[in-house]
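A.B. asks: Here it is: the structure, laid out below.
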Amino acid sequence: MANNSYSGVKNSLVEANHDGEFGCTLKELRSLMELRGAEAIGKLGECYGDAHGLCNRLKTSPSDGLSGQPADIEKRKTVFGQNLIPPKKPKTFLQLVWEALQDVTLIILEVAAIVSLGLSFYRPPDAEREHCGKAAGGVEDETESEAGWIEGAAILLSVICVVLVTAFNDWSKDKQFRGLQNRIEQEQKFTVVRGGQVIQIPVAEIVVGDVAQVKYGDLLPADGVLIQGNDLKIDESSLTGESDHVKKTLEKDPMLLSGTHVMEGSGKMVVTAVGVNSQTGIIFTLLGGNEDDDEDEEEKKKEKEEKKKQRKTKAQDGAAMEMQPLNSDEATDAEEKKKANLPKKEKSVLQGKLTKLAVQIGKAGLLMSAITVIILVVLFVVDTFWVQNLPWVKDCTPIYIQFFVKFFIIGVTVLVVAVPEGLPLAVTISLAYSVKKMMKDNNLVRHLDACETMGNATAICSDKTGTLTMNRMTVVQAYIAEKHHKKVPEPENIPSPALDVLILGIAVNCAYTTNIMPPEKEGGLPRQVGNKTECALLGFSNDLKRDYHAIRNEIPEEKLYKVYTFNSVRKSMSTVLKMADGSFRMFSKGASEILLKKCCKILTASGEPKLFRPRDRDDMVKKVIEPMASEGLRTICLAYRDFSASDGEPDWDNENDILSGLTCICVVGIEDPVRPEVPDAIRKCQRAGITVRMVTGDNINTARAIASKCGILLPGDDFLCLEGKEFNRRIRNERGEIEQERIDKIWPKLRVLARSSPTDKHTLVKGIIDSTVAEQRQVVAVTGDGTNDGPALKKADVGFAMGIAGTDVAKEASDIILTDDNFSSIVKAVMWGRNVYDSISKFLQFQLTVNVVAVIVAFTGACITQDSPLKAVQMLWVNLIMDTFASLALATEPPTESLLLRKPYGRNKPLISRTMMKNILGHAVYQLTIIFTLLFAGEKLLDIDSGRNAPLHAPPSEHYTIVFNTFVLMQLFNEINARKIHGERNVFEGVFNNLIFCSIVFGTFIIQIVIVQFGGKPFSCVALTIDQWLWCTFLGFGSLLWGQVISSIPTSRLKFLKTAGHGTQKEEIPDEELEELEDVDEIDHAERELRRGQILWFRGLNRIQTQMDVVSAFQSGTSFQGALRRQASNSSQQQHDIRVVKAFRSSISLYEGLEKPESRSSIHNFMTHPEFRIEDSEPHIPLIDDTDAEDDAPTKRNSASPRNATPTPPSPSPSPAPTAAPSTPVSPSPNQNNNAVESSNHLFPEGPKSGTLSAPGSPLHSLETSL
């Protein structure tokens, strides 16, 4: 068989020239991949014989893979497609410009400018000019009056500037984001066999016919058929919604689908479909991933429908029927609608605070500008028609209108200056800049808001292996043949029978994907590929001068009889070999304290086994294992067992029997040295008010030793180190339920959690986040690398996945990927996160000062002199400096170490502290004093003509130019003041580290000189003399000196100062509104302010919806008495039902938008994330979410944690099921229930449309009936 298939590869090279056909078409392969289980095997057998036959048709070899010839690879790409899913087209620059133009204030300005332009061309007859009142006269020069159009044109021009800048920013942000996407995608590599060599290639390079190696933790990049598998279990929930892991074997179900996760085992598959033809790709095209709807797509849809029908016929239980959210047209629509909402980006805590602040400021600005316009109009009317007693002459109408337009333009410019549209810009710039820089610090940020959340982190739960340690494992001690060697023994000192068994066991019982490669550089360390613990063992075999490759060549992976792969429940791995005489030998390796309990013999100095009693075991633990562990070594036991041929074949599925009666070969101590930079990083964290906790699967002595080396535990502290079992015992009550109060007693002191299962990690993270003991809600960051860390990474506020050691599942669940797996990179992330927050505050401090001053000047100036001292165009220029340039300058300040010297801000800290308020008001007072002095006494002081009360088209005056110039220069110097927000004295510290800041300040200064000297009429400026310039600059410089005065005043003395810019607390929003918001993807605070009116509407709709639900409940065949009987049941149960309903309704609750799968962006962003289910080995421990049912209603839970993933509705298993009325049986297994719950998330909002989707056994059904 193998020869045959291998020659197939050779032939394919020859055939590639003339015969372009493979033995099967794209369509055949696609229809094959749509089958499951027995059907699939039938089809495989009927069309291809078996998987090897399929390999033949695809001209590939099951053992050696493709030849790897470029021509062959290209040909496969053209015939079967590439493994890419075409991304959505980016917005063009013009689209972005168009979006920027949608800004209301800009539209108002454009209209005003156009009206002003139109009117300026109207010339009334000269004779009547005098009749129109004083204000209209005084234009001597014809050329001057002709220049009336300039103001309108200048406004239009500046609007265009603002729009272009905004659009450019959006465009570059989009480009950066796509770059990041590509980077994440390129980093994803997969192991394939080409030309007999195992190599790693980027996922996009995989082609049909490749033989890929799959292993624990992989995210499958393409569809394929299994050729060989060891104990392979796959989580297909991302495609089917079934949370149970599916066992894949050649006999029962060999179909592997893209986008599913390998939860256990390993194997090889031949790739049969890639890119848009793979299962995930098909779903993606269904969701309208690519815009063009050609017939091909229609065909795909039909095929998809058929496949769904087939799968439906196979579905055994009601729950499985509901699993197909795509099989009804309505559901597809719902999916597409869901997709359409994608642009709704998540609002982070910071954005929430900012939006709210911006809305408040905007309202104030609107009010001021309205008052300004009204006052101007009233003054003008009173003056012209009452004081001067003039009649309204028809010919003068255009002139009057021109005045009104001028007033209107002044009003609008006040509004433009008041509205801080630079705020969102500053956030985006700051985040985008940080993300870009964090790449250099080895942080790959997948969600922008994670960067800013990290600044608030108060706790970090870190893994040990690879994060705190170097993840370069080496065996340094061994206990073998009754002797404890403190360093690796010489092979002569080990009896040869023991040595042979040991080497054979190491070679076959380590995953074949794990290897020791020669070093890359001469004299470097050998490269470790694959699982690092196994690398240590293989290295040990090399140290014993034995070659494990020889054994592996003799016993290839296909010859292994059975493999029990490592998982978090077994904590061991075993491989069975079939011997020549028909007997079996099993090799096992695993955590020493677990495996030694299963040993009943041990190899002696002679190499013979002797009895190993529990007493000997305790002896060994004391004398060997504990001393090793206390030195921070990880202890691994290697053992074997023989099954004689006479007993017949054992029952391999009965693991407990198989894994007992072992013979211990040896125990090795593996060292994983602490990374040299970690102790320092941990010290920095502790100084910054962040608690570091270590959560590890290692034994407690090893963990304690490493924690002491890192500085997590300091001598003399009374901190807790617990093992997982003890932790579970302490946090659960008599009934085995987790209680928050019990966790609250433990977590503040807990520093090390050893021998912990993934469930423990999740429980700890959830317990800390939900805790209300501390005065502020804890913000928890978690690091993880394994598939089993998924739930904890998702639950945490910020999840860090390891870039090198991390599995795809972990990366998918994380927010930030550490590209160097190093703990000290987390400290950098904290620094950047805090820096983002500070940058925004700096910008606000600067922006608000300008706002206050500009608005007040325009307002009072307009009221007193009937003309704003700052003209519309000048205001727009000021607005540009303030908003766009300042946000660039202040948002790109690099972080300093001093950021780590203060405690975290916490979630509720206002954006504008009292110190900042003091600075804002203080500088506003200085600037207003100077400007009003210049305005009303400037002509006397500087000896120039007064510019007040100028007629309509009067030429610009020196007086007003000086006012404008001084104003801008004061802003420039104040920008330097704004660099410090905590009241520091030295505002120049580190100013030259930020080139952007320097260049913007100097650039603005130069443009200002150009505007004043050569701006002329459009900017209403006159060239100034050197003296006047010096005066302006001096007055500007004064704001730096004044800043020193302000920082001398203690903030605590000024009792009247208030803070501003709090986030919207959950409590502040009325309950009814909360319920309405449950359905929205996120709270948009601006919308919230504007939505009060629509609320009654929503309430009406909600009532109707509820009534319809009730109706549909009756229709679904529940007897009327049943419903009445239920009504009579006790009220607490009703509350519980309502609570469950709420959980359903809030399938996306308030802040949940943060974690919607759609907002996650990654190569598989169209796939919902794998639902993690963790079955623990001890059955009496309930599932993670089950215990929520009693202690907290979903709404309460959400308020505690603004960032959790969609709350799993309380699962009915552990609590006495409230819905168990006689007519509705509740299915016993928690998993099935959870499935129904998962699926109904898609279905519930559809209302009665979705027909009778709720099968009688599902909680959804009983829920409707109980309504």
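The values are calculated or read from the model by the stated rules, or taken from the named source; none is laboratory data. Everything numeric here is computed off the predicted structure, so don't read it as measured data. Note that each Cβ is placed from the backbone with ideal geometry, even for glycine, and that neighbours are counted across all protein chains shown. Accessible surface areas use protein heavy atoms only, side chains included; no ligands, DNA or RNA. Shrake-Rupley method; radii C 1.70, N 1.55, O 1.52, S 1.80 Å.
A.B. asks: Enter the accessible area of E74 (Å², nearest 10), with the probe set to 1.4 Å and all protein chains included.
C.D. replies: Rounded to the nearest 10, the figure is 100 Å².
A.B. asks: Can you work out ³J(HN,Hα) from phi for every residue in the range 635-640, in order, using Karplus 6.51 cos²θ - 1.76 cosθ + 1.60 and θ = phi - 60°, giving whole Hz and x for Gly and Pro?
C.D. replies: Per-residue couplings from phi come out as 9, 10, 9, 10, 9, 8 Hz.
A.B. asks: A further question follows. Would you work out if the range 364-483 is rounded, prolate or oblate? Take a ≥ b ≥ c from the square roots of the eigenvalues of the alpha-carbon gyration tensor; rounded if a/c is under 1.5, else prolate when a/b is larger than b/c, oblate otherwise.
C.D. replies: Because a/c hits 1.5 or more and a/b exceeds b/c, the range 364-483 counts as prolate.
A.B. asks: Let me ask something else. Report in % the part of the accessible area of the range 802-943 that belongs to carbon and sulfur, leaving out ligands and nucleic acids; probe 1.4 Å.
C.D. replies: On the range 802-943, the fraction of accessible area on carbon and sulfur atoms equals 67 percent.
A.B. asks: Kindly report the accessible area of the range 188-239 per residue (heavy atoms of protein chains, probe 1.4 Å, no ligands, DNA or RNA), in Å².
C.D. replies: 25 Å²
A.B. asks: For the range 633-724, with equal point scatterers placed on the C-alpha atoms only and solvent neglected, what are the log10 I(q)/I(0) values from the Debye formula at q = 0.17, 0.20, 0.24, 0.26 1/Å, to two decimals?
C.D. replies: -0.84, -1.02, -1.27, -1.37
A.B. asks: Probe of 1.4 angstrom, ligands and nucleic acids ignored: what's the accessible area per residue over the range 823-938, in square angstrom?
C.D. replies: Per-residue value: 23 Å².
A.B. asks: Show me the ranking of peptides 165-175, 546-556 by mean Cβ neighbours inside 10 Å, starting with the highest. Show your work: numbers first, answer last.
C.D. replies: Numbers: 165-175: 16.9, 546-556: 14.2.
Answer by packing, highest mean first, reads 165-175, 546-556.
A.B. asks: Let me ask something else. Pairs of Cα atoms under 8 Å, at least six residues apart: use those to get the relative contact order of the range 687-805, whole percent.
C.D. replies: Values: 166 pairs, mean separation 28.1, N = 119.
Computed value for the range 687-805: 24 percent relative contact order.
A.B. asks: For the range 987-1056, what does the accessible surface come to per residue with a 1.4 Å probe? Please give it in Å².
C.D. replies: For the range 987-1056, the per-residue accessible area is 58 Å².
A.B. asks: Listed highest first by mean packing, meaning other Cβ atoms within 10 Å per residue, what order do 883-892, 532-541, 362-371 come in?
C.D. replies: 883-892, 532-541, 362-371
A.B. asks: Relative contact order of the range 654-734, please, whole-number percent, based on alpha carbon pairs below 8 angstrom and at least 6 residues apart.
C.D. replies: 24 percent
A.B. asks: Please compute the Cα-Cα pair-distance distribution of the range 654-705 with 5 Å bins starting at 0, giving whole percents from short to long.
C.D. replies: 4, 12, 14, 16, 15, 11, 7, 5, 8, 6, 1
A.B. asks: A further question on this structure: List the residues, sorted by chain then number, that are 5 or more residues from R194 or on another chain and whose placed amide H is less than 5 Å from its amide H.
C.D. replies: Under 5 Å from the amide H of R194 lie the amide H atoms of I199, each far enough along the sequence or on another chain.
A.B. asks: Please identify which residues in the range 637-678 have an amide N closer than 12 Å to a label point set 7 Å out from the Cα of M579, following the Cα→Cβ vector.
C.D. replies: Zone members listed by number: 641-647.
A.B. asks: Farthest toward the dipole's positive end in the range 28-85, which of C55, G65, N83, given Cβ charges of +1 (Lys, Arg) and -1 (Asp, Glu) about the Cα centre?
C.D. replies: The Cα lying farthest towards the positive end belongs to N83.
A.B. asks: Output the relative contact order of the range 562-696, whole-number percent, from Cα pairs under 8 angstrom with separation of 6+ residues.
C.D. replies: Reported relative contact order: 24 percent.
A.B. asks: Taking loop as defined by DSSP and a crowding limit of 13 other beta carbons within 10 Å, which chymotrypsin sites (Phe, Trp or Tyr not before Pro) in the range 988-1059 fit? Let's see the in-between values first.
C.D. replies: Numbers: sites: F988, F992, F997, F1002, F1005, F1014, F1019, W1029, W1031, F1034, F1037, W1042, F1056; in loops: F988, F1056.
The qualifying sites are F988, F1056.
A.B. asks: So what J values fall out for the range 232-241 if you push phi through Karplus, 6.51 cos²θ - 1.76 cosθ + 1.60 with θ = phi - 60°, rounded to Hz, Gly and Pro as x?
C.D. replies: Those phi angles translate into 7, 10, 10, 9, 9, 4, 5, 9, 9, x Hz.
A.B. asks: Here's a follow-up. Rounded to the nearest 10 Å², what accessible area does D642 have for a 1.4 Å probe in the complete protein model?
C.D. replies: Probe radius 1.4 Å; accessible area of D642 about 90 Å².
A.B. asks: While we're looking at this one, here's another question. Of the cross-linked pairs K233/K766; K363/K940; K189/K578; K597/K761; K189/K749, which ones have a Cα-Cα span greater than 32 Å in the structure shown?
C.D. replies: Over 32 Å Cα-Cα: K363/K940; K189/K578; K189/K749.
A.B. asks: Under a 5 Å amide H to amide H cut-off, with H placed in plane at 1.01 Å, what residues pair with H485 once short-range neighbours are removed?
C.D. replies: Close amide H contacts, sequence-distant or interchain: A478, Y479, I480.
A.B. asks: I'd like the Karplus ³J(HN,Hα) series for the range 959-973: coefficients 6.51, -1.76, 1.60, θ = phi - 60°, whole numbers in Hz, and an x wherever there's a Gly or Pro.
C.D. replies: Running phi through 6.51 cos²θ - 1.76 cosθ + 1.60 with θ = phi - 60° gives 4, 5, 4, 5, 4, 4, 4, 4, 4, 5, 5, 4, 4, 4, 5 Hz.
A.B. asks: For the ranges 941-948, 215-222, 743-750, what's the packing order if you count other beta-carbon atoms within 10 Å of each residue, average per peptide, and put the highest first?
C.D. replies: Descending mean neighbour count gives 215-222, 743-750, 941-948.
A.B. asks: So what's the gap between the Cα centers of the range 901-966 and the range 586-604, to the nearest angstrom?
C.D. replies: 80 Å
A.B. asks: L750's amide H: which non-local residues (gap 5+, or another chain) put their own amide H closer than 5 Å, with H modeled 1.01 Å from N in plane and none for Pro or chain starts?
C.D. replies: Residues meeting the criterion, in which the H sits 1.01 Å from N, are L720.
A.B. asks: Cα centroids of the range 487-536 and the range 215-251: how far apart, whole angstrom?
C.D. replies: 30 Å
A.B. asks: Would you kindly state how much longer the chain becomes between Q776 and F121 on full extension, computed as 0.36 nm times their sequence separation minus their alpha carbon distance, in nm to one decimal? Please list the in-between numbers first.
C.D. replies: Details: separation 655, 0.36 × 655 = 235.80 nm, distance 6.35 nm.
Value of the extension gain: 229.4 nm.
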